[in-house]
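*Asks:* Would you mind keeping the following structure in view while I ask a few things?
The values are calculated or read from the model by the stated rules, or taken from the named source; none is laboratory data. Note that the structure is predicted; figures quoted are calculated from it, not measured. Quick reminder, even Gly has a Cβ in these numbers, built from the backbone with ideal geometry, and neighbours come from all protein chains shown.
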Amino acid sequence: MSIRIAPSILSADLSKLADEIAMLEEGGADWIHIDVMDGRFVPNLTFGAKVIESVRKLTKLPIDVHLMVVQPENYFESFAGAGASGMSIHTEVSPHLQRQLNRIRELGCRAGAVVNPATPLIAVSEVIADLDLLLVMTVNPGFGGQEFIHECLPKIQQADAWRRERKLAYRIEVDGGINNQTAAECARAGADTFVAGTSLFGQRNLKAAVTKMRKIVNANDPALADLKV
Ligand code: DX5
Ligand code: ZN
């Protein structure tokens, strides 16, 4: 599966968002990741439909929306209307996961489910065939700049094993504490889609930072490594 680099604008300087998105694009970013937080599921507040709409005007790249909210279904229509390309919802607050995923797809978006570090993968096993994307959180959501939790790596390997065994094609996305080193570890474990905030926006040259992360991830992609043998 081809690699996707999805910078999170949670760490962007919003006063320069247009410039920063342009630099991300120049560096080869594939998606723009937008973190929606409601102050209930996670102890922080961020963006809503209005920001998605503004980002939509700034780029043609797909917008990957990560909903860290209770009752995510309340936002599906407005976010799809604002220009979201994909929406991912947390299993921990989505008791009717299958119905909710179907609704996201009906609205023309890629449907994703998210598991927190403490949530076992079994939480998605019954809907695995309905997923376009599985987001394995590598920090507890709510804030940028947290440290990568290494204990999440076996879950990525398991998700990749299920994907092969069942011949499915969902993306495996990782989010939280992703830098060049942890991205490489996740790529080796089977992840193909990488969200990064602090590690990219913390660098002076944002464009070069994205290009470098892609290069490192590619070098650690097991599928490409097989080809080299
Ligand atoms: C965390 C968010 C992340 C966040 C990642 O709750 O879901 O997308 O922006 O930020 P870093 O890369 O700083 O851990
Ligand atoms: Zn996120």
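*Asks:* Among the residues of the range 56-78, are any of a type in the set (S, T, N, Q), surrounded by 17 or more Cβ atoms within 10 Å (Cβ to Cβ) and within 16 Å of ligand 2 (Cβ to nearest atom)?
*Replies:* No: zero hits.
*Asks:* Quickly run through the range 53-74 and pick out the residues that are in a helix (DSSP H, G or I) and of a type in the set (Ser, Thr, Tyr).
*Replies:* Ser54
*Asks:* What are the residues in the range 192-214 that are within 16 Å of ligand 2 (Cβ to nearest atom), polar (S, T, N, Q) and surrounded by fewer than 24 Cβ atoms within 10 Å (Cβ to Cβ), if any?
*Replies:* Selection gives Thr198, Ser199.
*Asks:* A follow-up question, please. Working only within the range 165-191, note down all residues that are without any contact (Cβ under 8 Å) to a residue 24 or more places away in the chain and surrounded by 22 or more Cβ atoms within 10 Å (Cβ to Cβ).
*Replies:* none
*Asks:* Next up: Select from the range 184-220 the residues that are in a loop (DSSP other than H, G, I, E, B) and within 19 Å of Phe148 (Cα to Cα) and write down the one among them that is farthest from the chain's Cα centre (by Cα).
*Replies:* Here the answer is Gln203.
*Asks:* Same structure again: Quick one: is Gly145 outside any helix (DSSP H, G or I), surrounded by fewer than 18 Cβ atoms within 10 Å (Cβ to Cβ) and near ligand 1 (Cβ under 8 Å from one of its atoms)?
*Replies:* yes
*Asks:* Which members of the range 131-142 meet the condition of being near ligand 1 (Cβ under 9 Å from one of its atoms) and assigned to a strand (DSSP E or B)?
*Replies:* Of everything in the range 131-142, those that are near ligand 1 (Cβ under 9 Å from one of its atoms) and assigned to a strand (DSSP E or B) turn out to be Leu135, Met137.
*Asks:* For Val210, are the conditions met, namely being of a type outside the set (D, E, K, R) and away from ligand 1 (no atom under 12 Å from the Cβ)?
*Replies:* The answer is yes for Val210.
*Asks:* Another question, if that's okay. Can you confirm whether Asp175 is at pLDDT 95 or above and more than 16 Å from ligand 2 (Cβ to nearest atom)?
*Replies:* No, not satisfied.
*Asks:* Sort through Thr119, Thr138 and tell me the only one that's surrounded by fewer than 19 Cβ atoms within 10 Å (Cβ to Cβ) and within 16 Å of ligand 2 (Cβ to nearest atom).
*Replies:* Selected residue: Thr119, the only one of Thr119, Thr138 that is surrounded by fewer than 19 Cβ atoms within 10 Å (Cβ to Cβ) and within 16 Å of ligand 2 (Cβ to nearest atom).
*Asks:* Would you confirm whether or not the range 136-154 contains a residue that is under 18 Å from Thr91 (Cβ atoms) and more than 17 Å from the chain's Cα centre (by Cα)?
*Replies:* Yes, the range 136-154 contains a residue that is under 18 Å from Thr91 (Cβ atoms) and more than 17 Å from the chain's Cα centre (by Cα).
For every residue, the table says whether it meets (1) assigned to a loop (DSSP other than H, G, I, E, B); (2) polar (S, T, N, Q); (3) touching a residue at least 24 places away in the same chain (Cβ under 8 Å); (4) more than 21 Å from Ala6 (Cα to Cα).
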| site | (1), (2), (3), (4) |
| --- | --- |
| Lys16 | no, no, no, no |
| Val51 | no, no, no, no |
| Phe76 | no, no, yes, no |
| Glu92 | no, no, yes, yes |
| Pro95 | yes, no, no, yes |
| Gln100 | no, yes, yes, yes |
| Ala118 | yes, no, no, yes |
| Val124 | no, no, yes, yes |
| Ile128 | no, no, yes, yes |
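*Asks:* Filter the range 18-49 down to the residues that are in a loop (DSSP other than H, G, I, E, B), within 15 Å of Val195 (Cα to Cα) and among the charged types (D, E, K, R) and list them by number.
*Replies:* Answer for the range 18-49, where residues must be in a loop (DSSP other than H, G, I, E, B), within 15 Å of Val195 (Cα to Cα) and among the charged types (D, E, K, R): just Asp30.
*Asks:* Do we find a residue being surrounded by 15 or more Cβ atoms within 10 Å (Cβ to Cβ) and of a type in the set (S, T, N, Q) anywhere in the range 14-22?
*Replies:* Scanning the range 14-22, I find no residue that is surrounded by 15 or more Cβ atoms within 10 Å (Cβ to Cβ) and of a type in the set (S, T, N, Q), so the answer is no.
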